[in-house]
Amino acid sequence: MKLLPRIFGALVGVLVVSFIGFNVAIAAFRDRLFDLNVHRLDAWVEAGADPKAIQTVVENCGQLVMAQAGWFERIQLATYLRDELDFRVDVCTKMTANRVYKQPEFDNPEAVKMICWDTHPYHRVFVRLCEHAGLRPAE
């Protein structure tokens, strides 16, 4: 009977360590995907920001937003929160275009504050994009 609690304790320990390791790996993978998609957005800007190729920006922003969402949030965005997904992709697209073609939304300090300076950002992707676009200094 004393063996059963030890086995159970070991099993719980293995599960906790696996959970922590999995989350660390996912965070590193998300960072890599962020860098990859931002690199693609940078390439569009550096190539002259052809407005006819804006669809590539929209696609990369969509991939970036989905990659940065958690697994449950990703399911929500893909199903019944499509408006929220569209909003995030639009913000990313406009923020990228703003680097070359000034977007009126980013001339409004209140809008920039709302997107880039939230004290408790639910969407960390906006903070990172704001830093990359120069709308907020890097932390």
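The angle separating the long axis of helix 82-98 from the principal Cα axis of greatest extent in the chain is about 50 degrees. For Val100 and Ala138, the FRET efficiency from 1/(1 + (r/R0)^6), where r spans their Cβ atoms and R0 equals 25 Å, is about 0.75. Evaluate E = 1/(1 + (r/R0)^6) for Leu33 and Ala10, where r is the Cβ-Cβ distance and R0 equals 41 Å; express this FRET efficiency to the nearest 0.05. So, using R0 = 41 Å, E works out to roughly 0.75.
For helix 3-46, what angle does its Cα long axis make with the longest principal axis of the chain, in degrees from 0 to 90 and rounded to 10? Roughly 10 degrees between the two axes. Please state the shape class of the range 32-133: rounded when a/c is under 1.5, otherwise prolate if a/b exceeds b/c and oblate if not, all from the C-alpha gyration tensor. Oblate shape, in that a/c is at least 1.5 and b/c is the bigger or equal ratio. Report, in degrees rounded to the nearest 10, the 0 to 90 angle that the Cα long axis of helix 124-133 makes with the longest principal axis of the chain. Its long axis makes an angle of about 40 degrees. In nm, give the distance between the simple-model label positions of Met114 and Phe72, each being 7 Å from the Cα along the Cα-to-Cβ direction. The answer from the label model is 2.7 nm.
Readers should treat all values here as calculations from the given coordinates under stated rules, not as data from a laboratory. Predicted model only: the values in this text are computed from it and were never measured. Note that we place each Cβ from the backbone using ideal geometry, even for glycine, and neighbour counts take in every protein chain shown.
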